[in-house]
Structures are given as C-alpha cells and as structure tokens.
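Read the structure below first, then the notes.
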Amino acid sequence: MSSATNNAAQNSANQTNQEAKQTGAENTGETWTAPESAFADMLRESSKTIKEVVDADQDSVCNVCRSDEADEGNPFVFCDRCGICVHRECYGTPLTVKIPEDEWLCDRCEQNAQDEMCALCPVRYGAMKRTTDWRWCHLSCAMWIPEVFFRGADGREPIDLSQIPGHRWENDCCHCGSNYGAKMICGHKDCGRTFHITCGLLNNIFLEYKVVRNAADVIVALCFEHAKKWQSKKKGR
Ligand SMILES: [Zn+2]
Ligand SMILES: [Zn+2]
Ligand SMILES: [Zn+2]
Ligand SMILES: [Zn+2]
Ligand SMILES: [Zn+2]
C-alpha cells in the first residue's frame, strides 16, 4: 500500500475518532440560495428539467454507486416518473424483495415529493429515501458520509442523520459554493477542501471504503485534484 493511501486513511481515521463523540446536527434550516457558477446553473437546470438531464444521460449508470455494470442478479431498475436508474441492491427495499413487473416509482415520486431536497446536499436529482426524522436524503450521500447509517442495513431505510458531527455543516462546498448540508473533507494532509458527495461525484473525486483491522471501516475521500494525482500515480506504476 502506498503512503498516500495510508495518510488518507489515517487522516480520516483520526477525524472519525475525534468526531465520534460529537453528536447533533447543527442544521440551521436556512434556505439555500444557488451560487453564481456554471455548476449552479446546471443545478438550477436539473431541478427544473429533470427529464432533459435523464435524456442526456444515455448510458445507464446507477445513481447510487455510479457503476455502469449490471447483471441478472443485480439489474438496473428505472423510476417511471423521474427516470433515475438504480441497481436493485443499491436501492434496497422494496426492489430487493421484488421488482415490479409493470411500473416502478422511486420513494420520492411515489410520495409526490419530487421538490423535496436532500438534507445533506443541494443536488435535487437522484435516488433518495426517508430519514428517521422524516426528511429526505440521497442514498449516495448516506453511503459515503461516515456518520450516516441505514437503520435497516438490508433494506437501506430509513436513513439516520443524527450522528453527523457539527463541523460537516460548517465549510462551503468547493464545487457549488454552498454551505448547505454536510461536506466531506479531502483526505490529503495539506488540502482541506470540502465538498458535497453528489457535487464531488460529478467532479471525479475518489471515494473508497478501507477495512481497518479491529476497528470500524474508514472512508477515504480525495478531492478532484488529489484524486487525479492519485490515479495518475497508480497508472504510472
Ligand atoms: Zn449501484
Ligand atoms: Zn422517481
Ligand atoms: Zn444528497
Ligand atoms: Zn456542492
Ligand atoms: Zn485535496
């Protein structure tokens, strides 16, 4: 294992340890105002014309894990209203129990909640589920933010946001500029960039689960710049 991974893993491990005792989300509930950037335009677009975004996304990619590979045991399923594409396993209940033969609506569409936002990021499009405090949250945000849990691991619902430490709500996202929601911190020791999971995934960040012996798994996150450096170093070997 290279030292870059070690550092990243240790940094996140330290943070996780420090954060473990802080509880209580300091979400002020402020209304998010879109920043002036090209990405903000895209966000505004996507909140209005979801259909266009779906049509532009010709190749199927799971909205939760971002993989474009599927097979018979874990097929892609599409929401018949908003068009999101998810793996059966990535979405959890009810798809893990049974994939409907005719129409399938994701939870947010089924509950007519397409205008509801993710509690953790400003991206309006995507696969979301209910939280324990009756808000909504992207499955991708829930998967990668270390202190967020699925109460039912198999069904992947509801999503528990109660353990997110205060500092995740503080800094601005380096992509959309918004302070809204919970942000990840780049694991590179000299970086300190913070970003939403969803914004980061649209900008090629690096995310990985690291299994640590005798301890909880650690999530390594690298910002777009350090992800690029890390990938090119890996290729150069
Ligand atoms: Zn998936
Ligand atoms: Zn839907
Ligand atoms: Zn989100
Ligand atoms: Zn963002
Ligand atoms: Zn970085």
Completion exercise
Note, Glu103: beta-carbon cut-off 12 Å, +1 each Lys/Arg, -1 each Asp/Glu, net -3
Handout entry: Zero-based 10 Å bins, Cα pair distances in the range 85-161, whole percents
Key = 19, 56, 23, 1
Fill in the blank from the handout: Taking only C-alpha positions in the range 143-237, Rg and Dmax in angstrom work out to 14.3, 43
Practice task
Beyond 20 Å between alpha-carbons counts as too far, so tell me which of Lys98/Lys210; Lys129/Lys228; Lys98/Lys129; Lys183/Lys233; Lys189/Lys229; Lys189/Lys235 fall in that bin.
Solution key: Lys98/Lys210; Lys129/Lys228; Lys183/Lys233; Lys189/Lys235
Handout entry: Kirkwood Rh in Å, taken over all unlike Cα pairs in the range 131-177
Key = 11.5
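Read-outs: derived from the displayed coordinates by stated rules, not from any lab. Since the structure is predicted, the reported quantities are computational estimates derived from the model, not experimental observations. So basically every Cβ, Gly included, is an ideal-geometry build from the backbone, and we count neighbours across all protein chains shown.
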